[in-house]
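As structure tokens, the structure follows; a few thoughts come after it.
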Amino acid sequence: MDILMLAWKNLWRNRRRSLITLAALSFSLMLMQGFHNLAIGTYARMIDSGVRAGSGHIALYREDYSNSRDETLTFNPAKFEHQLADMTEVMRILPRVYLPGLAQSSRESRGILLTGISPAEEYTVNPFLLKLPARSMPESLASRDALLGSKLLDELKLGVGNKLVITVQNRQGELVSELFRVRGEVHTGLRDVDGSLVMVGRERAATMGGFPGEIHELALILHHADDGATVMPKLRQRLKASPIRAVAWDQAMPNLANSIKLDYASQKFIFAIMIVIVSIGVINTMLMSVMERIREFGIILAVGATPGRLCRMILAEGLALGVISVLAGSIFGSLLTWYLVVHGIDLRSLMPENMEFGGVIFDPIIRANWDISWMVKIAIYLMLIALAASLYPAIKAARLAPASAMRHI
């Protein structure tokens with residue numbers, strides 16, 4: 001306790017230098033906590049948007065369909081409903097059909113991806129459809145209503161209510177053409193999607209493909225993304241004897257997953273640079289403190305203090321510096337995170353209305369999510385950094401020779 005009290009008094013002998021170091025440590029911790037939470041919140045919203053419009057948090061495919069996109073790898077979703085009924089983590093089950101095809105109007109033709117959906121379920125989940133009025137959705141699973149991407153609609157020179165012909169190749173290798181009416185226009189902000197998207201009832205799409213009642217993908221939307229760690233082992237156990245495979249979102253959507261990993265890796269690099277700068281600051285503060293008190297340390301050693309006691313006193317100063325910085329930095333980091341959670345950062349004036357990141361539309365108002373465990377870990381880590389940075393000055397002080405130290409000016 002005496003060492004801690006002495007270390008505390010020594011820390012404030014040069015008040016200005018200590019305050020500058022404390023401010024640097026606290027500010028660095030505040031930035032790391034706040035912007036880590038901002039990144040986590042942004043990633044969470046991007047993943048949520050991506051999985052709702054894409055493959056879900058978890059997707060069920062037959063065999064290797066997720067990689068091969070072989071249209072013949074279909075399955076009957078009704079056979080798996082009972083295996084999902086007791087999983088309270090699952091919020092929505094979205095069966096889908098995917099078929100490459102050709103859309104033709106009286107003026108133009110374009111290559112498309114015909115997507116068969118369950119309109120009622122998809123409308124409540126898919127972010128691309130939320131802005132559409134309910135009357136724009138296909139009336140049933142087998143209706144001849146179609147939703148077209150905005151760019152495709154322009155290229156085909158069509159409008160809502162007009163008719164078009166969609167042609168696909170069925171499982172038997174025959175070309176099948178059917179007449180559809182444009183029910184609504186979908187604007188995703190993704191150029192490739194808007195130029196090729198056609199959504200119809202999944203039964204109509206499956207019938208055209210020659211596999212009525214079957215689908216290519218069963219997308220599972222979970223209540224919470226973290227529930228995937230619980231649901232995935234259950235699914236794999238239940239599907240062990242089946243040709244159906246459960247695939248997590250990061251495997252089904254590698255572009256989004258890799259973009260997030262790359263972005264977070266760059267953030268870690270920036271954090272590492274900040275920690276190095278913080279460490280240099282602490283070393284400088286403690287080393288200058290030692291150099292200014294060499295004569296004093298010589299007297300302390302001469303009257304009987306051991307080098308070990310002197311070393312512990314310097315380390316205690318570093319520990320006190322770290323504890324104060326962590327407390328102040330965590331308070332300000334929490335306040336910054338609170339602001340970013342409630343208000344966020346509005347980037348609409350700095351970026352286009354729709355900006356793509358990893359194949360997902362980037363929300364221009366970015367908000368944070370609380371990651372308490374990470375905040376505690378980085379706070380403890382920074383405190384240990386401050387303590388470790390005091391080690392060299394402490395060893396240097398402990399190695400002083402009393403006689404030469406007392407003659408130091």
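Quick rundown of the values:
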{"item": "Scope the range 44-62; condition touching an Asp or Glu at 6+ places or on another chain (Cβ under 8 Å) and either charged (D, E, K, R) or surrounded by fewer than 21 Cβ atoms within 10 Å (Cβ to Cβ) (or both); matching residues", "result": "R45, S49"}
{"item": "Scan of the range 210-241 for residues that are part of a loop (DSSP other than H, G, I, E, B) and touching a residue at least 60 places away in the same chain (Cβ under 8 Å), ordered by number", "result": "F211, G213, E214, H216, H223, H224, L239"}
{"item": "Residue within the range 175-196 that is under 30 Å from L148 (Cβ atoms), assigned to a strand (DSSP E or B), within 26 Å of the chain's Cα centre (by Cα) and touching a residue at least 60 places away in the same chain (Cβ under 8 Å) present", "result": "no"}
{"item": "Hits in the range 316-347 (condition: in contact with a strand residue (DSSP E or B) (Cβ under 9 Å, 6 or more places away or on another chain) and assigned to a helix (DSSP H, G or I))", "result": "L340"}
{"item": "Top-ranked residue in the range 32-88 [being touching a Pro at 6+ places or on another chain (Cβ under 6 Å) and charged (D, E, K, R); ranked as modelled with the lowest pLDDT]", "result": "R52"}
{"item": "Single condition V200 does not satisfy, out of (1) part of a helix (DSSP H, G or I); (2) touching a residue at least 60 places away in the same chain (Cβ under 8 Å)", "result": "(1)"}
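The values are calculated or read from the model by the stated rules, or taken from the named source; none is laboratory data. Keep in mind it's a predicted model, so treat the numbers as computed, not measured. Counting neighbours? That spans all protein chains shown, and the Cβs are built from the backbone with ideal geometry, glycine included.
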